[in-house]
Amino acid sequence: MDEPLNGVTKDPRLATRKAVPVLSPWVDGVSGWPVSQKHEEGFVEMHDCCYIARSLTTHEVPMARRTVTFLLLLVSASLLSAQPERIDSTAVALIKAEGLQHSQVMPLLSSLCDVYSPRLTWSPEYTRGAEWVKKTFSSWGITKVTYDRWAPLGRGWTLKNFSAMVTAPVPFPVIAYPSAWSPGFKEKEADVVYLNASTPADLEQYKGKIKGKFVLLSDLADVRPHFTPQATRLADSVLLRMANADMQGGRRGARRFPRLDRMTPAAIDSALAAIIQMSPDADTAAMRERFAGMRMTPRKLLFAQEEGAIAVITPGSGDGGTMLVQSATVPQPQETPREQRTPAYDAKATSFIPQIVFAAEHYNRILRSIKLGEKVTLEMELQVETTKADSSFNVIAEIPGTDLTDEIVMIGGHFDTWHAGTGATDNNSGVAACMEAARILKVLAKEHGLKTRRTIRIGFWGGEEQGLFGSREYVSEFFAQREGEQGFGGFGGPGGPGGPPRITTKAEFDKLSIYFNHDNGTGRLRGIYLQGNEAARPIFRRWLSAYGDPTAQTVTIQNTGGTDHQSFDGVGLPGFQFIQDQIEYDSRTHHYNMDVYERLIGDDMKQAATMIAFFTWQAANRDGKFPRK
């Protein structure tokens, strides 16, 4: 054996290596362990499966030898115990050639966005879109497509006609959208009133004065210029931090606050203290005022309904004509427990006050005019069509496997969208990426005879925007029922304060190998979240390395939430979501009216669909099922 070098057993590959700072965001290609961003004095680092250390004093050498020998034995044991990941280089090349050179993902997205959107859960448009998906799959030879129905029941809602026009003091058309499931009303011209109330006592002055009028619920929206880009990609430094991150605590590793409209003054104080800790420069006075206003909003809504207003109007989050539009709210007493509150889609929610969202700039113009003493009149009409409450469904498609056909590899994303845009990045991007991945795998089988050993199952879920309804019910029906925790599937993870939830497994629990979800917009894939499953790290590292995209090499132990992989992860099944570039997801598209085809990036979508096809191929053909936590 060679003599020790700086107190560490020498490897020939390091004969000329210097202990220099490591600034790469990538993780080690052999073990999948993250590399350190910077060498610290006395820090022993694992890099390229070898250790680098500072010079040690004479009395430190024996201890260092024992420590390093122990660490190397641990690494060797983990490498020897890990099942080798076999890579079919021919299949990799064919997948990339088909996905990157002959992609159909953008034509799929055009159809989904321009013809078969929007698709609110329970709506006729949702069913129409599902029928197109079934027909398209069938044209590719994927003939086993079924609709898996689930509860709860909900009413379909379709926007038929809407217009809003300020008629005085200066006429102008308003950029506006009705909230989903809002009742309609015939064209009416009426005065606009600002319900300026910061306490319940303030409402008394408006009794008998707002009947037959349009009511503004909120104060002026805060609209400021943008000094930073609205579209962003993940910087190398961010990816490095993700690769080096520790396991998150709790369910999502993030602080959870109660709903602001139900917070007590003491709870608001606690929330502000936490915000100051995270962001010392935060404008807490403005936040306190905003929190107080949000606490009053449910009271104002109920008051406006009881007093007979035509409709209530709020400013949408966003600016420049871009606004966030979601569901209407059924006015209910603030003290009503969450589990007893009636959602707008419920069969019992047939009569409540219409709710309209105005672009922030137009809302502010109207409110400023009122504050100047001007009489503002508004002409507005809303025509909607609703359907009788019924169950909704998931779209499930299958590509049969060969020798391991009873085992399942799943890919998917949610199929429902909001109604103001066309759901381009939330989540037509995920639907199209998974459809394209399935098409690529069918081409491999048909034209090159390369079939998957396991069955590929594609799941497009309904009701995600209302609470992961479709995927939660599917997992409960076929894989495992999670009990003992209110709101199953909301976050996944180890369970609530009362301890781990009880899980009752179903017939296919042992048959599912893995589920991959796509639901974070148009951005290219940069790697994958482990969801706390450390055993997955070396496998994903090997796959990412084999795929060979230098921009997509990050593996993080961190969790991510808010979408359908949590329904699988929450019962102990391997469910994963990819790391993606944000692009404009949070700033302009996620639930916004500008979530349209033009916000999609073709090259990013091709890369995502092709990588999903490759990951699916690998999972479906590896010797063993994917390891679980």
What distance in nm separates the two pseudo spin-label positions at Asn161 and Arg338, each 7 Å out from Cα along the beta-carbon direction? 4.1 nm
Classify the range 400-450: rounded, prolate or oblate, from the alpha-carbon gyration tensor (a ≥ b ≥ c, eigenvalue square roots; a/c under 1.5 rounded; otherwise prolate if a/b is larger than b/c)? oblate
Counting Lys +1, Arg +1, Asp -1, Glu -1, what net charge surrounds Ile528 among other residues with beta carbon under 12 Å of its beta carbon? +3
In Å, the Kirkwood hydrodynamic radius of the range 583-629 over pairs of distinct alpha carbons? 13.3 Å
Whole number please: convex hull volume per residue of the Cα set in the range 505-629, in Å³? 114 Å³
Stretchable slack from Asp406 to Ile87, in nm (0.36 nm times residue separation minus alpha-carbon distance): 112.6 nm
What are the radius of gyration and Dmax of the range 524-577, computed over its Cα atoms and given in Å? 11.3, 33
Label-point separation, Glu381 to Asp219 (7 Å along Cα→Cβ), nm: 3.7 nm
Please give the residues of the range 538-570, grouped as numeric ranges, whose backbone N is less than 13 Å from a label point set 7 Å along the Cα-to-Cβ vector of Met247. 557-559
Could you give the length gained on full extension between Ala151 and Glu189, defined as 0.36 nm per residue of separation minus the Cα-Cα distance, in nm? 9.7 nm
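Read-outs: derived from the displayed coordinates by stated rules, not from any lab. Just so it is clear, the model here is predicted, and its values are computed rather than measured. All Cβ positions, even for glycine, are placed from backbone atoms using ideal geometry, and neighbour counts span all protein chains on display.
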